[in-house]
Amino acid sequence: MVKQIEKITQKPVVQIATIVPIMLTVGANRMVPGIAIPHPVGDPTKSKAEEYNLRRSLVLRALNAATVDINEPTTF
């Protein structure tokens, strides 16, 4: 699905998920590992401020990944 979106839109797609081998299997080119399977982009055990910083960090990493030219699947 991810490769199709990139192909159709001609824009880089970054996938945030917790299991990199599965991301590779589904064809992701740019991957950002998430935190945990039940909470890929957060951690409910953290305070609101820590949670915000954690999510912000993941989103910034994903945005950066979208700007990098790659030749093969890459984990950021």
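The values are calculated or read from the model by the stated rules, or taken from the named source; none is laboratory data. This is a predicted model, so every value here is computed, not measured. Don't worry about glycine lacking a Cβ; one is built from the backbone with ideal geometry, like all the others, and counts go over all protein chains shown.
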Here the residues within segment 37-47 that are at pLDDT below 95 and either loosely packed, with under 12 Cβ neighbours inside 10 Å or assigned to a helix (DSSP H, G or I) (or both) are ILE37, PRO38, PRO44, THR45
The one condition in (1) at pLDDT 90 or above; (2) out of contact with any Lys or Arg (no Cβ under 8 Å at 6 or more places or on another chain) that GLU6 fails to fulfil = (1)
Determine whether LYS3 is under 26 Å from ASN71 (Cα atoms) and not hydrophobic (A, V, I, L, M, F, W, C).
-> yes
Inspect segment 42-49 for any residue being touching a helix residue (DSSP H, G or I) at 6+ places or on another chain (Cβ under 8 Å) and among the acidic types (Asp, Glu) and give the result as yes or no.
-> yes
Just for segment 48-74: of the residues that are of a type in the set (Gly, Ala, Ser) and under 19 Å from ILE5 (Cβ atoms), which one is surrounded by the most Cβ atoms within 10 Å (Cβ to Cβ)?
-> ALA65
Within segment 16-25, of all residues that are more than 11 Å from PRO73 (Cα to Cα) and in contact (Cβ under 8 Å) with a residue 12 or more places away in the chain, the one surrounded by the fewest Cβ atoms within 10 Å (Cβ to Cβ) is ILE19
